[in-house]
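For reference, the structure is listed below as structure tokens.
Every read-out reported here was derived from the displayed coordinates using simple, explicitly stated rules and does not represent laboratory data. Note that the structure is predicted; figures quoted are calculated from it, not measured. Cβ coordinates were reconstructed from backbone atoms using ideal geometry, including for glycine residues, and neighbour counts include every protein chain displayed.
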Amino acid sequence: MTIINRTFELRSQVLTFGKSKKLSIINCQLSIINRTFAGDMSLGLPFQIDMLDCIIKGILIGMLASAPMGPVGILCIQRTLNKGRWYGFVTGIGAAASDIIYALFTGLGMSFVMDFINNAQNKFLLQIFGSLMLLGFGIYSYMSDPMKNAHQSSNKKGSLTHNGMTAFLVTLSNPLIIFLFMATFGSFAFIIPDHPLEMTVGYLSIVIGALLWWFGLTWLVDKIRNKFDVSGIVILNKIIGSIVIVFSLVALVGLVFNLYQLPEW
């Protein structure tokens, strides 16, 4: 209705004023119409917000899933130090390829309980449970010794493809990553049933997040390679564990004290 009213005002004012002022009035009124129309179109923003929400959540999940210093993380650091940065990065690419497979399986399994997830009360409980799992994982990561079950990198460089494939197989042999995805999917309320486009973008964002982590990690290790040793790996693992703990606690506090949007009971 606002646009129609503006249009009638435009016509009446054009008839009133002379030719010299017609053009300026038309331009002025058209700009008002454009702004009004843009404001009306902004009502369609929930789709864009949901898409952006999926991208941000996916990137964070990808980074959180890749960050813990498990066997493949140690392998990535060792190869970066012994073979070069790009050998370490392709190790991360192999790990990311394996992770997205487990992420898809986890998402598929959770989508089967879409009625459970879509219920506001149960969605809230699922987020609480996911945050608690994430908190437990952060504590475990902080307390664990990353070098205990570390895979030793061979002295032979090999091809980049070979290094990526071996990292893929090492990560694929550890299905426990599913529990981490369950925790992050639950905490972030990542699964959106019956929205294939948003979920596809979300899964792609998980890959992007993982690649960003491996790129950043190999860059850091390569820059401080002369000062980075086993103790550096242990310290890095504790830092990562601390970040996960803080993140999960912030999520829990936000949910419990209604700092985020809580479901209506």
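Computed from backbone phi with θ = phi - 60° and the Karplus coefficients 6.51, -1.76 and 1.60, the 3J(HN,Hα) list for segment 202-207 is x, 5, 4, 5, 4, 4 Hz; x is used for glycine and proline. Working note: Karplus 6.51/-1.76/1.60 with θ = phi - 60° gives segment 177-193 the couplings 4, 4, 5, 5, 5, 4, 5, 5, 4, x, 5, 8, 6, 6, 6, 10, x Hz, where Gly and Pro are set to x.
Each label was represented as a point 7 Å from its Cα along the Cα-to-Cβ direction; for Val253 and Ile239 these points are 2.3 nm apart.
Distance from a point 7 Å along Cα→Cβ of Tyr140 to each backbone N in segment 183-221: keep the residues under 18 Å and list them by number. Backbone N within reach: 183-188. Backbone phi angles across segment 166-175, fed through the Karplus curve with coefficients 6.51, -1.76 and 1.60 (θ = phi - 60°), yield HN-Hα couplings of 5, 5, 4, 5, 4, 5, 5, 7, 10, x Hz in residue order; Gly and Pro are listed as x.
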